[in-house]
Amino acid sequence: MSKTPIRVGVIGTGIMGAGHARFLTEHVKDARVSALMDVDESRMGALAKELGDGVATFTTAEDFYAHPDIDAVIIASPDALHVPHLRLALAKGLPTLCEKPIATTVDDARTIVAEVEATEKKLGKSLVHLGFMRRFDPSYVKLKKMLESGEYGAPLVARISTRNVSSPGITTPGLYTNMAVHDFDIWRWLTGDNWDSVVTHYPKSNSLSPAGLKDPLIFVAQLKGGITMVADVVANDNYGYDVRTEVICEKGSVEMGIFGDIITRHKMVAGVAQGGPMVENWIPRFEDAYIEELKAWIATMTTGVNNPNLATAADGLAAAEACQMGVASLN
């Protein structure tokens, strides 16, 4: 066991980076935030002040990685910077939790994953994990157990909704690589199966979304074992953060509602979804998942034992390949 807290540096102090830094500080006893890096000095400075004394700040990744008081890194920088920031972490041999996606193109994903795996083999330990926090969400964990119980029969179809209130700067391909990427990963985790096909469909576009953005998207994706996902991805729903999943099985339906509530339709009895005030983004909905993911990640360093639910670089590549099938079907 580690006798001193793991010193964690965080790259990016936007919604995700700040969330990770706060959760580590408030909920993970074996770790502390030792450094931040962001080009937005004002935003970074405000977060450093909030976290307390002893947090170093940097405006370049090179200076950040040269800081001696970093034992591990969280990468929450813009998507296009994940690959270069991962390479710097690999060069230092630093355990890293990288937010999704691992890369913005499948070719870049394959290249960086090969580099990660070569470095891990050379050092004889896991170094890189991906921030697919839904694997630690209590509702998804419960859903997995329910599907594996056999009580509802084999899963056949999944109906998925992934809807942000707003998504500044997102592109049409980003609806896959930045949003649906979570759905591709969680369904591999739920089923142990791999993706076979993804086909995009276009409903009427949202007149309130930026010009040129095909929002929303509908896609149909199939796992190799035959389970089919019918999904809508909405970048700007303008009403509240909304993530839902219904699994249609041979003998019933199991649904995860907006608030993580589980609703079943089984043996002629239908459950009722929870209602109430909605939230602005994904942080409040998945707070417990982020905290448990961070605890599991830090435990890999303090105990030397990997948590099997932490996503690996290979999992990041599988999600990227599924996203690429979706992007390839855009027109």
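The values are calculated or read from the model by the stated rules, or taken from the named source; none is laboratory data. As the structure is a computational prediction, the values presented were derived from the model and not from experiment. Because the Cβ atoms are built from the backbone with ideal geometry, glycine has one as well, and the counts that use them run over all protein chains shown.
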Next item on the list: For the range 38-55, indicate whether the set of residues that are in a strand (DSSP E or B) and buried (at least 19 other Cβ atoms within 10 Å of the Cβ) is non-empty.
Entry: no
Notebook entry, point to check: Looking only at the range 100-116, which residues are over 21 Å from Met325 (Cα atoms) and in contact with a strand residue (DSSP E or B) (Cβ under 8 Å, 6 or more places away or on another chain)?
Noted result: Val116
Next item on the list: Answer yes or no as to whether Val254 is of a type in the set (A, V, I, L, M, F, W, C), within 18 Å of Pro101 (Cα to Cα) and either outside the structural domain of Ile112 (by TED's automatic domain parsing) or part of a loop (DSSP other than H, G, I, E, B) (or both).
Entry: no
Note to self: Looking at the structure I just gave you, is Gly260 under 23 Å from the mean Cα position of the chain (by Cα) and assigned to a loop (DSSP other than H, G, I, E, B)?
What the structure shows: yes
Margin query: I need every pair where a residue in the range 304-331 that is closer than 15 Å to Ala231 by Cα has its Cβ under 6 Å from the Cβ of a residue that is exposed (fewer than 15 other Cβ atoms within 10 Å of the Cβ), sequence separation at least 6 or different chains.
Written below: Ser329/Val199
Checklist line | Counted residues, the range 280-296 - those being touching a helix residue (DSSP H, G or I) at 6+ places or on another chain (Cβ under 6 Å) and either more than 19 Å from His182 (Cα to Cα) or part of a loop (DSSP other than H, G, I, E, B) (or both) | finding: 1
Checklist line | Number of the exception - Gly326 against (1) under 15 Å from the mean Cα position of the chain (by Cα); (2) in a helix (DSSP H, G or I) | finding: (1)
Next item on the list: Give the residues of the range 90-106 that are within 14 Å of Arg7 (Cα to Cα) and among the hydrophobic types (A, V, I, L, M, F, W, C), sorted by residue number.
Entry: Leu94, Leu97
Note to self: Please verify whether Gly304 is surrounded by fewer than 17 Cβ atoms within 10 Å (Cβ to Cβ) and assigned by TED's automatic domain parsing to the domain that holds Met16, treating the condition exactly as stated.
What the structure shows: yes
